[in-house]
Amino acid sequence: MPHIIDGKAISAQIKEELKEKVTRLKEEGVRICLAVIQVGNDPASSVYVGNKKKACAYIGIESLAYELPEETTQEELLALIGELNGKAEVNGILVQLPLPAHIDEDAVIRAIDPKKDVDGFHPQSVGALCIGQPGFVSCTPAGIIQLLKRSGIEIAGKECVVIGRSNIVGKPMALLLLRENGTVTVTHSKTRNLKEVTRRADILIAAVGRPKMITRDYVKEGAVVIDVGIHRNENNKLCGDVDYEDVAPVCSAITPVPGGVGPMTIAMLMNNCVEAGSKR
């Protein structure tokens, strides 16, 4: 049987460490505050925002919630971000994506002060990651690195294959694996002979966005498989990009869905907030 990488347990461990750190910072007179902006009432976004508020409360971070109506204009949203950029007591600003169609996400991401960009999406944050400079890192890929390290999985020298090239997961994931001295291949929908490439992987990261696409014929015997996907199947049950039942018997370690990568994203967001407050 493979080692099942427990994202809930590892994220709880990180939150406990952060809680202690926040307590110490408070004793030194440093308070940390995250501003979360949600436009519209997309149900999935509302769940994510609720989870972020709970995590803030648990580790001792103050959170400000801005729940704006669907018809909020881009100018109004940018004005609010500008106001929060100027507030010294706000350490992190998070705009919940996706935004309504009439708002340009790129313009909104660029408007956030890079020092408060706890999502790690600002071009300055991404550029810093590319050239190995300090900066905030996108939370899901940062969480995956923690899952691997805290599970005792060596990255240095390993063949790492990322399936997916999104700005939020695929690209930063590849850069972080490189930073850990992995040998990295990025694959995508136009990759020829995809299964041949993925079967070389010691560490396979599936962030392709297709339910249960990755079956055992994509996976080398004994590989570590990290599943970033989250979907609802025909029975309304959560599943990932990996066909868990098919793949688990052939790999050495695997993340489940739910309970794998998901909890780590919020843990690393909290980590970025605490870092932002510590640097102030």
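Spin-label model, His102/Glu71: points 7 Å from Cα along the beta carbon direction are separated by 0.8 nm.
Using the structure shown, select from Lys19/Lys195; Lys8/Lys279; Lys19/Lys212; Lys115/Lys149 the pairs with a Cα to Cα distance greater than 32 angstrom. The pairs that break the limit, which is 32 Å between Cα atoms, are Lys19/Lys195; Lys19/Lys212.
Can you tell me the relative contact order of region 139-262? Whole percent, Cα pairs under 8 Å, sequence separation 6 or more.
Values: 264 pairs, mean separation 27.2, N = 124.
Normalised by residue count, the contact order of region 139-262 is 22 percent.
Distance from the Cα centroid of region 156-231 to that of region 1-80 is 28 Å (rounded to whole angstrom).
Sequence-ordered 3J(HN,Hα) estimates for region 201-213 from the Karplus curve with 6.51, -1.76 and 1.60 and θ = phi - 60° stand at 6, 7, 10, 10, 10, 9, 9, 9, x, 10, x, 6, 5 Hz, glycine and proline given as x.
Sequence-ordered 3J(HN,Hα) estimates for region 141-148 from the Karplus curve with 6.51, -1.76 and 1.60 and θ = phi - 60° stand at x, 4, x, 5, 4, 5, 4, 5 Hz, glycine and proline given as x. Each residue of region 101-106 is assigned a 3J(HN,Hα), and the resulting list reads 4, 7, 10, 7, 4, 4 Hz, derived from the Karplus form 6.51 cos²θ - 1.76 cosθ + 1.60 (θ = phi - 60°), x at Gly and Pro.
The numbers here are math on the coordinates, done by the rules we state, and not lab data. Predicted model, so just to flag it, every value in this text is computed and none were measured. When we count neighbours, we look across all protein chains shown, and the Cβ atoms used for this are built from the backbone with ideal geometry, even at glycine.
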